[in-house]
Amino acid sequence: MFSLVIAYIGTNMMYQGRIHEEIRSILIENGEKVIEIYRTTNSDNVRSYMDAFNGTAGTRLQLYDSEGTPLLEDEMDVSKSDVDMVLSGEISDNLHEEEHLYPIVGIPFQENGEQYALFLTVKPNPVEAEIMNSIHLMYVVILFFGSLLIIIAARYVVHPLTQLTDATKKMAHGKFDVVLPTRRKDEIGVLSTSFNDMARELRQFDQMRQEFVANVSHEIQSPLTSIAGFSKALKQKQMSEESRISYLNIIEQESDRLSRLGKNLLRLSRLQHAQHQLDLEVFQLDEQLRNVIISLEPQWAAKNIAIDIQLKPVTIEADADQLKQVWTNLLNNSIKFTPVHGEISIKAEASNGLITVSLADSGIGIPPEERQNIFKPFHKVSRSRDASVKGNGLGLSIVKQIVDLHHGDIRVSEGPKGGAKFTVILPGQSNK
């Protein structure tokens, strides 16, 4: 509104200034023509001639003699000092402009040895006045509707920002189910879409956090319940040595399970918060894979699993301990879910600056709808949940974090024999 008022005043002043300048030039030109025509007509009475010409073409005249006495009936507000200035031979084209609606100009001339001062101004024109009134009215209308449109536009812009502010306040209090309308296609619409994406991610993160807490509580509570129950049973005096040893073995197994859970949680926390710095070194990746396979021989040999090894010589610069954890976790999973007399295939090769390691088994496999979630902490494929398969669902999460720290990628798909196939892709050069 302030801008519109300034524009109104500015354009009005510019318009009036240009009009006055144009009128001033026309008046001087008309005055000179009036004097020239008078001299060519050889009129004897200058007063009657000027009186007859007064009002022609919308021009008002006033003639002053050498004594400063007005000779025409038309009254014109001209001071004596202005008359004396013109009588002295000067042209006045800026006579008290601020006091008059239109400019007044004075032109000196002589006739028959007599000095005269001819003053000219514009005769008020009703049509022009009506036009000016229409222009002023137009300015007022523009000001009103412009202000109204600005208010509407401001509300159109401010309202979604107010909604966004309210939504952020709700999110600050833990309410992540906020959804903003995204019908707009401008920058605010893009901002609303980005906000909805952020809210959805935070909602999923909050859900994952709640599930994580619930899973941790479950994983801890289950062995603690077993330990507490068998500890109470050991207090009974009448118990065979065989039962006592069995109970103690169960307590030991559950304690080891708690210990592994605590170590895995600590490892995962450090990896997720980038607290672990990679200790890079150059080593033979194929030799490391062979050593991992040998270290787990008791497990795959107990199930008579055939190991198919296709390892090409591969040199890598990476954290050897962390990558060893990756291969150990992946091979452990393959052994767990591969039936007796099954088969596990392990391949490694380097090509185009990338190192690819794949582990494929002939086990129960992973359903396609589960593959995008298997790297989440404590996630377990429903088909694998039975008493014979032990684990806390952290192994693949640790694998994913280690691979990410090495700027690599891990993918899961169906193996050639129907089981699960994990493919790890690592850069062939160091990423410090």
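Each value in this text was obtained by applying a stated rule to the coordinates, not by laboratory testing. Note that the structure is a prediction, hence the values are computed from the model and not measured. With ideal geometry, Cβ positions are generated from the backbone for all residues, glycine too; neighbour counts draw on all protein chains shown.
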query: Assuming R0 = 35 Å, what is the FRET efficiency of Ser222 and Ser295, from their Cβ-Cβ distance, to the nearest 0.05?
result: 0.80
message: With an 8 Å Cα cut-off and a minimum separation of 6 or more residues, compute the relative contact order for the range 280-427 in percent.
response: 24 percent
- request: Report, ordered by chain and residue number, the aspartates and glutamates lying within cross-link reach of Lys376, taken as a straight Cα distance under 13 Å and ignoring same-chain residues fewer than 8 apart.
  value: Glu211
- prompt: What are the lysines whose alpha-carbon lies under 25 Å from the alpha-carbon of Lys170, with same-chain residues fewer than 8 places away excluded?
  reply: Lys185
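Among 233-246, 136-149, how do they line up from the highest to the lowest mean number of other beta-carbon atoms within 10 Å? Don't skip to the end; give the middle numbers.
On the way: 233-246: 9.7, 136-149: 12.2.
So the order, starting with the most tightly packed, is 136-149, 233-246.
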query: Based on the Cβ-Cβ distance from Gln372 to Ile245, what FRET efficiency comes out when R0 is 45 Å, to the nearest 0.05?
result: 0.50
Spacing of the two label points (7 Å from each Cα toward its C-beta) at Glu75 and Ile152, in nm: 5.2 nm
field: Options Thr315, Thr423, Leu354, ranked by Cα towards positive dipole end of the range 280-427, top entry (Cβ charges)
entry: Thr423
- request: Kindly write out, for the range 298-307 in residue order, the coupling ³J(HN,Hα) from the Karplus curve 6.51 cos²θ - 1.76 cosθ + 1.60 (θ = phi - 60°), rounded to whole Hz, with x marking Gly and Pro.
  value: x, 6, 6, 6, 4, 9, 6, 8, 7, 9
field: Positive-pole candidate from Val190, Leu164, Gly146, dipole of the range 141-201, charges at beta carbon
entry: Gly146
Two-site label geometry, Glu29 and Glu287: point separation in nm, points 7 Å out along Cα→Cβ: 10.4 nm
statement: Toy charge model, Lys and Arg Cβ at +1, Asp and Glu Cβ at -1: the range 280-355 dipole around Cα centroid in debye, rounded to 20, equals 320 debye
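What net charge is computed for the residues neighbouring Leu180, neighbours being all others with C-beta under 15 Å from the C-beta of Leu180, Lys and Arg scored +1, Asp and Glu -1?
On the way: positive: Lys169, Lys170, Lys175, Arg183, Arg184, Lys185, Arg200, Arg203; negative: Asp166, Asp177, Asp186, Glu187, Asp197, Glu201.
With Lys, Arg at +1 and Asp, Glu at -1, the net is +2.
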field: DSSP bridge pairs, the range 280-427: antiparallel proportion in percent, nearest 5
entry: 80 percent
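About the Cα centre, and with charges only on the beta carbon of Lys, Arg (+1) and Asp, Glu (-1), how big is the dipole of the range 280-427? Nearest 20 debye, please.
On the way: 16 positive and 17 negative charges, 120 e Å.
In total the dipole reaches around 580 debye.
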